[in-house]
Amino acid sequence: MHIHWFPGHMAKAQRMIREQLGLIDVVIELLDARIPASSANPVITELIGAKPRVIALNKSDLAETAQTTEWLNHFRSMGFTTVTLDASSGKGTKELVSKVEQEASEKIAKLTAKGIKARAVRAMILGIPNVGKSSLINRLLGTATAKTGDKPGVTRGQQWLKVGKNLELLDTPGVLWPKMDDQEVAFRLAVTGAIKDDIYDMEKVISSLVALLKENYSDRLCERYKLQQEDLPEDAAELLALIGAKRGCLRSGGIVDYEKVRRIILTDFRSGKLGKFTLDIPYNNQ
Ligand SMILES: Nc1nc2c(ncn2[C@@H]2O[C@H](COP(=O)(O)OP(=O)(O)OP(=O)(O)O)[C@@H](O)[C@H]2O)c(=O)[nH]1
Ligand SMILES: [Mg+2]
């Protein structure tokens, strides 16, 4: 399995981010709470450098709560300002805004000390494709101004938006990185929806997902697809066939429509219908 996705629009977006950083007081880095390590873009981390930053663990409604707390503690122990977020319901947005204002206060105070009139805080929202950057902006605005969608690569240009009097936000297109060496990371990005579905080998990715589910979450598989533990086949393809039969994914002649079954499993996984998942294990802080 080799997954790699860094099209021209991402290279362009990366250049744009580099150019705009000078204008920015605080970076809001959105990580996917299900994969807080795999969703951290190493190139972006390097670009941000020492710029004040708030890390937001978004899609926390889809991640295992205890693991999210561990990740929160992990980032905090490293000295990062970190919040838990659910941009679809808006949970955590108030805390985020207050942390952003706090992070920027030193710079704004310096400007006013120099006699420069106090201005709104400028924040840039960065993160991998589909992590919820535009959704967060809409939450903060209270309107559906920024275009969102349940697929990666929705935002293509930059967009400044004003939230109240004191905050200006720059929405950016999601970017991945040019060299994706770790294919376990690539797998996690693909199953959580950060990589366009026609880029990777769906058959292989879903095979790995089904194996992972069977190994660690067989109870959830059984509950969702009305299966018995003792009937679960060893083989991933057989398991797919079984789920397909239960779900009525059959073509004429009773042949299993594997493509349809794969889609169902992927959609159930991504939407939380198979439960909450944290695929990255928090590092040991000791
Ligand atoms: N469950 C859940 N879904 C979310 C959350 N935040 C965003 N989404 C969904 O994730 C999808 C992607 O959201 P967008 O806001 O378009 O993501 P983006 O980061 O702007 O994506 P690009 O512009 O493609 O880089 C949408 O279907 C949102 O409804 C969240 O906290 N929880
Ligand atoms: Mg967007």
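The values are calculated or read from the model by the stated rules, or taken from the named source; none is laboratory data. Quick caveat, the model's predicted, so the values are computed rather than measured. Counting neighbours? That spans all protein chains shown, and the Cβs are built from the backbone with ideal geometry, glycine included. Side chains are part of the model used for accessible areas, which takes the heavy atoms of the whole protein and leaves out ligands, DNA and RNA. Shrake-Rupley method; radii C 1.70, N 1.55, O 1.52, S 1.80 Å.
Determine whether residue 34 is open to solvent by 40 Å² or more (accessible area, probe 1.4 Å) and either touching a residue at least 40 places away in the same chain (Cβ under 8 Å) or assigned to a helix (DSSP H, G or I) (or both).
No; evaluated as a whole, the condition is false for this residue.
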>> Among (1) within 16 Å of ligand 2 (Cβ to nearest atom); (2) open to solvent by 50 Å² or more (accessible area, probe 1.4 Å), there is one condition residue 42 misses while meeting the rest; what is its number?
In response: (1)
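Tally time: how many residues in the stretch 229-253 are in a loop (DSSP other than H, G, I, E, B) and open to solvent by less than 50 Å² (accessible area, probe 1.4 Å)? Give the steps one after another, and end with the answer.
Initially, the stretch 229-253 is screened for residues in a loop (DSSP other than H, G, I, E, B), giving 232-235, 248-249, 251-253.
Add one more test, that the residue is open to solvent by less than 50 Å² (accessible area, probe 1.4 Å), and what stays is 232-233, 248-249.
Number of matching residues: 4.
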>> If the requirement is being within 26 Å of residue 47 (Cβ to Cβ), near ligand 1 (Cβ under 8 Å from one of its atoms) and open to solvent by 30 Å² or more (accessible area, probe 1.4 Å), which of these qualifies: 105, 135?
In response: 135
> If you go through the stretch 147-160 one residue at a time, how many are in contact (Cβ under 8 Å) with a residue 24 or more places away in the chain and away from ligand 2 (no atom under 12 Å from the Cβ)?
Replying inline: 0
> What's the number of the condition residue 17 fails, among (1) farther than 21 Å from residue 121 by Cβ; (2) of a type in the set (A, V, I, L, M); (3) open to solvent by less than 10 Å² (accessible area, probe 1.4 Å)?
Replying inline: (1)
>> Quick check on my filter: what residues within the stretch 150-176 are within 15 Å of the chain's Cα centre (by Cα) and open to solvent by 20 Å² or more (accessible area, probe 1.4 Å)?
In response: 150, 151, 153, 154, 155
> Inside the stretch 260-269, can you point out the residues that are closer than 10 Å to residue 206 by Cα and either open to solvent by 30 Å² or more (accessible area, probe 1.4 Å) or assigned by TED's automatic domain parsing to the domain that holds residue 150 (or both)?
Replying inline: 262, 263
> Any idea which of 215, 230 is without any contact (Cβ under 8 Å) to a residue 40 or more places away in the chain and closer than 30 Å to residue 73 by Cβ?
Replying inline: 215
> Given the structure, is residue 277 in a helix (DSSP H, G or I) and within 29 Å of residue 33 (Cα to Cα)?
Replying inline: no
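Looking at 112, 93, 68 in this structure, which one is touching a Ser or Thr at 6+ places or on another chain (Cβ under 7 Å) and farther than 30 Å from residue 7 by Cβ?
Just a single option satisfies the conditions, and that option is 68.
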